[in-house]
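The values are calculated or read from the model by the stated rules, or taken from the named source; none is laboratory data. Predicted model only: the values in this text are computed from it and were never measured. A quick note on method: Cβ atoms are made from the backbone with ideal geometry, for glycine too, and the neighbour counts reach across all protein chains shown.
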Amino acid sequence: MFKDHPKGLLVLSFANMGERFGYYTMLAIFVLFIQAKFGFSSDTTSTIFACFLSLVYFLPFFGGILADRYLGYGKAVILGVAVMFVGYFLLAIPTAPDTTGLICMFGALLLICVGTGFFKGNLQTLIGNLYDDPKYSSKRDLAFSIFYMCINIGAFFAPSAAEAVSNYFLGKSGLTYNAQLPDLAHQLLNHTISAEGTTELAKLADAQIAGASSDLTGFATLYIDKLSEAYNYGFAVACFSLVVSLAIFLIFKKTYSHVDVTAVQQAAADKASGVKSSAVELSPAETKERIIALCLVFAVVIFFWMSFHQNGLTMTFFARDYTASQITGLDRFGFSLAAMVCFIVAYYGLISLLKIDQIMGKIGGAIALAIGAIGAYMVYNHMDPTISITPQIFQQFNPFFIIVLTPLSIGLFTWLAKRGKEPSAPRKIGIGMFVAAIAFCLLAFGSFGLPTPASLTSTGGVSPTLVSPNWLIGTYFTLTIAELFLSPMGLSFVSRVSPPKYKGMMQGGWLAATAVGNYMVALIGYLWGGLQLWMLWGVLVICCLLSALFIFSIMKRLEKVAK
């Protein structure tokens, strides 16, 4: 897959993979953590989540400007890792659910946002710079697809890591996760619990610890403290992953150091050496037209990210409150990390067997296929007949589908390119928006007849009618297809069209548009309560469809600047 690409692509992709593993480990449990520890309502949780996500993706705009003008891209990346490390370390420290705890948490989140601002966009700029070389320029779209897949390899393992660590430390206290307990415990401690809720809490408490119902206040305090502490240890995983990421970035610096040069630095170097500047110069009119085209694309993707990042908010609520927490039969396969890894090994072995011409490559593919298939069969046969799942584990499906579908999307686009029929990057973005609308149509259909969240408060917020996990899995699958059409193609488009003097800033602009979409995630979170669920998902369907229609209406303008 990395054949005929510069070596720096592999290094930068792996460095980003480490950072993303830590970030998505944190994100998998973040909403559950702040509700469990502080007892925040869905509205408050939505606001905090949206503000955090928006800053994570908005600050790269300023990080790009600072890198373009002063720091350089490599130094900005290193600074970002250092700042993020401090943020994750603070978040991993157990604190009381009081003012000090809140200050510590918000301070940690701010540091993570600032660090990401220096890291994310500038690493992407380095990758784009590798493909400014005419030797590699035709492979830019494929490069960003590969880069995007590596991001999702890190994201794939993150939910399982978060679940394993938090369940382990919760289990050390003799407790297990139950979705109803945090809300009921806070209702008891806040003196807002109903008689029905008290009865339910007593039953659940005795199921955790024999006789715990005799002191419900003590049990409620214990459960909240131990669950919150377990999540803290889950956040510590991110610290380790950042160390690995930085090590990769520094040890293999030679593979990308030749493109770690900003337009300002290049001009200064040319001036000092007395040679004519080699920096590409655009006229003011060309620069303006490119920036306008990019801003139009940014306006469209806002609504994709508003929809997509419901995975960490309302879709997590849906997984917790409306989706079966115990599964049997073949459904168990998708919730076993070992089984899914074996499937990926077998899948890539099959691809190698079919596509690689050399005999040794085919033999290697056949061995990987056999090992993966046998491993998956053995893991599945040794699984318990019924397994319990936690809400955060659903977030592993999106990166899993990215890993599986990326070779297919690369193959499809390569096949179309050879025939001169490959859609342009803006056209792919428009198609992605249509597919995203289909994804939420699927979830809306699976939500018909379910009670509203507001009607479930007295019983801990969990519905008596629980739907199959396959509704969420199917939605994630369809959203992943949309993402493959939109996100890596958007990164490639920004890399290709950005004026040379503003590369870092424009990559930051893409992320800033993502930030606006992330902030708007909260708008859907505010609807979580009295609104019927199918109506809530329907709002996202309409937003995606309108965005798709808009981008197709300006397609000629976008395709003109992309040539």
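The set of residues from the stretch 167-205 being closer than 21 Å to Pro464 by Cβ and of a type in the set (D, E, K, R) comprises Asp183, Glu196, Glu200, Lys203.
So, in the stretch 95-116, how many residues would count as being in contact with a Gly (Cβ under 6 Å, 6 or more places away or on another chain) and in a helix (DSSP H, G or I)? Total satisfying the criteria: 4. Restricting the stretch 496-544 to residues that are out of contact with any Phe, Trp or Tyr (no Cβ under 7 Å at 6 or more places or on another chain) and among the polar types (S, T, N, Q), the residue that is farthest from Thr262 (Cα to Cα) is Gln532. Tell me yes or no: at least one residue of the stretch 151-171 is assigned to a loop (DSSP other than H, G, I, E, B), aliphatic (A, V, I, L, M) and without any contact (Cβ under 8 Å) to a residue 60 or more places away in the chain. No - not one qualifying residue is present in the stretch 151-171. Which one is farthest from Leu472 (Cα to Cα) among residues in the stretch 369-391 that are touching a Gly at 6+ places or on another chain (Cβ under 9 Å) and surrounded by 15 or more Cβ atoms within 10 Å (Cβ to Cβ)? Only one residue fits best here, namely Leu369. Listed by first and then second residue, the pairs linking a residue in the stretch 408-421 that is modelled with pLDDT under 85 to a residue that is surrounded by 11 or more Cβ atoms within 10 Å (Cβ to Cβ) and part of a helix (DSSP H, G or I), with Cβ atoms under 6 Å apart and 6 or more places separating them unless they lie on different chains, are Ile410/Leu142; Ile410/Ser145. Summed over the stretch 431-453, the residues that are closer than 26 Å to Phe413 by Cα and of a type outside the set (A, V, I, L, M, F, W, C) give a count of 1. The number of residues in the stretch 123-145 being within 18 Å of the chain's Cα centre (by Cα) and at pLDDT 85 or above comes to 2. Restricting the stretch 465-481 to residues that are among the polar types (S, T, N, Q) and part of a helix (DSSP H, G or I), the residue that is farthest from Thr328 (Cα to Cα) is Thr480. Of Phe49, Phe33, Phe14, Phe61, all but one fail to be crowded, with 21+ Cβ neighbours inside 10 Å and within 17 Å of the chain's Cα centre (by Cα); the exception is Phe49.
Cβ-Cβ distances below 7 Å connect the following pairs, each with a first residue in the stretch 341-360 that is without any contact (Cβ under 8 Å) to a residue 12 or more places away in the chain, a second residue that is in a helix (DSSP H, G or I), and a separation of six or more residues or different chains: Ile356/Lys362; Ile356/Gly365.
Counting residues in the stretch 438-449 that are more than 30 Å from Ile356 (Cα to Cα), surrounded by fewer than 19 Cβ atoms within 10 Å (Cβ to Cβ), assigned by TED's automatic domain parsing to the domain that holds Gly529 and small (Gly, Ala, Ser) gives one or more. So is Leu142 more than 27 Å from Ser492 (Cβ to Cβ), of a type outside the set (Gly, Ala, Ser) and either out of contact with any strand residue (DSSP E or B) (no Cβ under 6 Å at 6 or more places or on another chain) or in the same structural domain as Pro399 (by TED's automatic domain parsing) (or both) or not? The answer is no for Leu142.
Conditions tested, residue by residue: (1) under 30 Å from Pro399 (Cα atoms); (2) at pLDDT 90 or above.
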{"residue": "Ser166", "(1), (2)": "yes, no"}
{"residue": "Leu170", "(1), (2)": "yes, yes"}
{"residue": "Asp206", "(1), (2)": "no, yes"}
{"residue": "Asp215", "(1), (2)": "no, yes"}
{"residue": "Leu222", "(1), (2)": "no, yes"}
{"residue": "Asp225", "(1), (2)": "no, yes"}
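In the stretch 478-530, which residues are of a type in the set (S, T, N, Q) and farther than 24 Å from Pro399 by Cβ? Of everything in the stretch 478-530, just one residue is of a type in the set (S, T, N, Q) and farther than 24 Å from Pro399 by Cβ, namely Ser498. Condition first: assigned to a helix (DSSP H, G or I), surrounded by fewer than 19 Cβ atoms within 10 Å (Cβ to Cβ), β-branched (Val, Ile, Thr) and out of contact with any helix residue (DSSP H, G or I) (no Cβ under 7 Å at 6 or more places or on another chain). Can you find one or more residues in the stretch 350-364 that meet it? Yes - at least one qualifying residue is present in the stretch 350-364. Have a look at Glu286, Glu229 and point out the one that is modelled with pLDDT under 90 and among the acidic types (Asp, Glu). Result of the check over Glu286, Glu229: Glu286. Tallying residues that are of a type in the set (A, V, I, L, M) and part of a loop (DSSP other than H, G, I, E, B) within the stretch 175-207 yields 3.
Name the residue that is farthest from the chain's Cα centre (by Cα), counting only residues in the stretch 17-30 that are small (Gly, Ala, Ser) and within 30 Å of Tyr136 (Cβ to Cβ). Ranking the qualifying residues of the stretch 17-30, first place goes to Gly18. Restricted to the stretch 460-518, and to residues there that are surrounded by fewer than 23 Cβ atoms within 10 Å (Cβ to Cβ) and of a type in the set (Lys, Arg), the residue that is farthest from Ala179 (Cα to Cα) is Lys501. Would you be able to tell me the number of residues in the stretch 208-260 that are surrounded by 17 or more Cβ atoms within 10 Å (Cβ to Cβ) and part of a loop (DSSP other than H, G, I, E, B)? So the answer is 3. In this structure, does Gly529 turn out to be at pLDDT below 90, outside any loop (DSSP other than H, G, I, E, B) and assigned by TED's automatic domain parsing to the domain that holds Asp43? Against the criterion (at pLDDT below 90, outside any loop (DSSP other than H, G, I, E, B) and assigned by TED's automatic domain parsing to the domain that holds Asp43), Gly529 does not qualify.
Listed here are the residues, each with its yes/no results for (1) over 21 Å from Thr116 (Cα atoms); (2) at pLDDT 80 or above.
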{"residue": "Gln507", "(1), (2)": "no, no"}
{"residue": "Asn518", "(1), (2)": "no, yes"}
{"residue": "Gly538", "(1), (2)": "yes, yes"}
{"residue": "Met555", "(1), (2)": "yes, yes"}
{"residue": "Lys560", "(1), (2)": "yes, no"}
